[in-house]
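The values are calculated or read from the model by the stated rules, or taken from the named source; none is laboratory data. No experiment lies behind these values; they were computed from the predicted model shown. With ideal geometry, Cβ positions are generated from the backbone for all residues, glycine too; neighbour counts draw on all protein chains shown. Note: accessible area is taken over every heavy atom of the protein model, side chains too, but ligands, DNA and RNA are not part of it. Shrake-Rupley method; radii C 1.70, N 1.55, O 1.52, S 1.80 Å.
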Amino acid sequence: MNQIAVAIDGPSGAGKSTIAKTAAKTLGFIYVDTGALYRTIGLAVFRKNFDALTPDEVISVLPEISIKLKYIDGAQRVYLNDEDVSELIRTPEISLFASRVSVIPEVREFLLDMQRDIANKNNVIMDGRDIGTVILPNAKVKIFLTASDEKRAERRYLELCGKGIETTPQEVLNDMRKRDEKDSSRSLAPLKKADDAILLDTSELDLQQSINAVINIIKNATNAED
Ligand code: DC
């Protein structure tokens, strides 16, 4: 049972997924992108074309949803009722839906056991907003990863362009601020640094430096108790 859990939390565009994915591969851990879970519920709800998107409407969809994570060559794929939605959930529209559904307690509850279950069975690097504070409060290593708004927006813009999604730098910055505000100000499991998390600001680091910094933090913390 004694699995190692690394919790990486932080705002959108801080590089959590890219960094965590590579660090997990290097260390032989499973990388769990919990944002994908909220995005999948966001997609399921989006497809319902609700007018107002009330909490009751969102909750009414949950019984129809089965989410599975599979790991193919170490990469996470996410399935909504057996449909691979790994790419469909990455649009700016679904980002906002994910953020909107994530404030609903029943949605968070729906995903809680699934996240803990994966961490019970595997050495994981799990990224999200509330991993170190709520999902895995006893994680061996907690990192709060952040960067300046401008840097984060610039990175997210380039990432979306690379995926062929049309947008502008200003639109990305505006969407990101809107989402960060929503994620940080919600009363339930807000985006927040855990008291015992190590703060890592990647504004002035390139990708490789950020990955090295994360791997060093994990190695130091896990070797310390060997
Ligand atoms: O990490 P991401 O951008 O893919 O996450 C999408 C949304 O899901 C994010 O705006 C807030 C929500 N989320 C959350 O509330 N808790 C998590 N652990 C992960 C994501």
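Could you list, in sequence order, the residues of the stretch 96-106 that are within 24 Å of ALA75 (Cβ to Cβ) and either open to solvent by 20 Å² or more (accessible area, probe 1.4 Å) or free of Cβ contacts under 8 Å to residues at least 24 places away in the same chain (or both)?
Across the stretch 96-106, the qualifying residue is only PHE97.
Among the residues in the stretch 159-167, are any open to solvent by less than 70 Å² (accessible area, probe 1.4 Å), over 19 Å from PRO92 (Cβ atoms) and in a helix (DSSP H, G or I)?
no
Taking the stretch 70-96, which residues are at pLDDT below 95 and closer than 16 Å to TYR31 by Cα?
Residues satisfying the conditions are LYS70, TYR71, ILE72, ASP73, GLY74, ALA75, GLN76.
Can you confirm whether GLU181 is over 27 Å from GLY28 (Cα atoms), away from the ligand (no atom under 16 Å from the Cβ), open to solvent by 80 Å² or more (accessible area, probe 1.4 Å) and of a type in the set (Asp, Glu)? Steps first, answer last, please.
Values: over 27 Å from GLY28 (Cα atoms): yes; away from the ligand (no atom under 16 Å from the Cβ): no; open to solvent by 80 Å² or more (accessible area, probe 1.4 Å): yes; of a type in the set (Asp, Glu): yes.
Against the criterion (over 27 Å from GLY28 (Cα atoms), away from the ligand (no atom under 16 Å from the Cβ), open to solvent by 80 Å² or more (accessible area, probe 1.4 Å) and of a type in the set (Asp, Glu)), GLU181 does not qualify.
If I ask for residues that are in contact (Cβ under 8 Å) with a residue 40 or more places away in the chain, open to solvent by 30 Å² or more (accessible area, probe 1.4 Å) and assigned to a helix (DSSP H, G or I), which ones from the stretch 146-158 would you list?
LYS151, ARG155, ARG156
Considering only the stretch 14-30, state which residues are open to solvent by 10 Å² or more (accessible area, probe 1.4 Å) and either touching a His at 6+ places or on another chain (Cβ under 8 Å) or within 13 Å of the ligand (Cβ to nearest atom) (or both). Walk me through it before giving the result.
Applying the first criterion (open to solvent by 10 Å² or more (accessible area, probe 1.4 Å)) to the stretch 14-30 yields 15-18, 21-22, 25-30.
GLY15, LYS16, SER17, THR18, LYS21, listed by residue number.
Based on this model, can you work out whether LEU43 counts as in contact with an Asp or Glu (Cβ under 9 Å, 6 or more places away or on another chain), within 16 Å of the ligand (Cβ to nearest atom) and not hydroxyl-bearing (Ser, Thr, Tyr)? So that I can check it myself, show each step before the final result.
Numbers: in contact with an Asp or Glu (Cβ under 9 Å, 6 or more places away or on another chain): no; within 16 Å of the ligand (Cβ to nearest atom): yes; not hydroxyl-bearing (Ser, Thr, Tyr): yes.
Against the criterion (in contact with an Asp or Glu (Cβ under 9 Å, 6 or more places away or on another chain), within 16 Å of the ligand (Cβ to nearest atom) and not hydroxyl-bearing (Ser, Thr, Tyr)), LEU43 does not qualify.
Any chance you could count how many residues in the stretch 107-145 are outside any helix (DSSP H, G or I), near the ligand (Cβ under 9 Å from one of its atoms) and open to solvent by 30 Å² or more (accessible area, probe 1.4 Å)?
So in the stretch 107-145, the residues outside any helix (DSSP H, G or I) come out as 122-130, 136-145.
When the remaining residues are screened for being near the ligand (Cβ under 9 Å from one of its atoms), the result is 126-130.
Filter once more, keeping what is open to solvent by 30 Å² or more (accessible area, probe 1.4 Å): 129.
The qualifying residues number 1.
Just one of the numbered conditions (1) away from the ligand (no atom under 15 Å from the Cβ); (2) assigned to a helix (DSSP H, G or I); (3) open to solvent by less than 70 Å² (accessible area, probe 1.4 Å) is not true of VAL58; which one?
(1)
Out of all the residues in the stretch 170-185, is one or more touching a residue at least 40 places away in the same chain (Cβ under 8 Å) and outside any helix (DSSP H, G or I)?
Checked against the condition, which is being touching a residue at least 40 places away in the same chain (Cβ under 8 Å) and outside any helix (DSSP H, G or I), the stretch 170-185 yields no hits at all.
So for the stretch 65-84 (the condition being assigned to a helix (DSSP H, G or I) and more than 13 Å from the ligand (Cβ to nearest atom)), does at least one residue qualify?
The initial filter retains those residues of the stretch 65-84 that are assigned to a helix (DSSP H, G or I), namely none.
No, the stretch 65-84 contains no residue that is assigned to a helix (DSSP H, G or I) and more than 13 Å from the ligand (Cβ to nearest atom).
Quick test for you: out of ILE165, ILE143, ILE125, ILE135, pick the one residue that is under 18 Å from GLN76 (Cα atoms), touching a residue at least 40 places away in the same chain (Cβ under 8 Å) and out of contact with any Cys (no Cβ under 9 Å at 6 or more places or on another chain).
Numbers: ILE165 fails: under 18 Å from GLN76 (Cα atoms); ILE143 fails: under 18 Å from GLN76 (Cα atoms); ILE135 fails: under 18 Å from GLN76 (Cα atoms).
Answer to the selection: ILE125.
If ALA75 meets every condition in (1) small (Gly, Ala, Ser); (2) surrounded by 15 or more Cβ atoms within 10 Å (Cβ to Cβ); (3) farther than 23 Å from GLU181 by Cα apart from one, which number is that one?
Answer for ALA75: the failing condition is (2).
Determine whether VAL172 is at pLDDT below 95, among the β-branched types (Val, Ile, Thr) and open to solvent by less than 90 Å² (accessible area, probe 1.4 Å).
Numbers: at pLDDT below 95: yes; among the β-branched types (Val, Ile, Thr): yes; open to solvent by less than 90 Å² (accessible area, probe 1.4 Å): yes.
Considered against the rule, which asks whether it is at pLDDT below 95, among the β-branched types (Val, Ile, Thr) and open to solvent by less than 90 Å² (accessible area, probe 1.4 Å), VAL172 comes out as yes.
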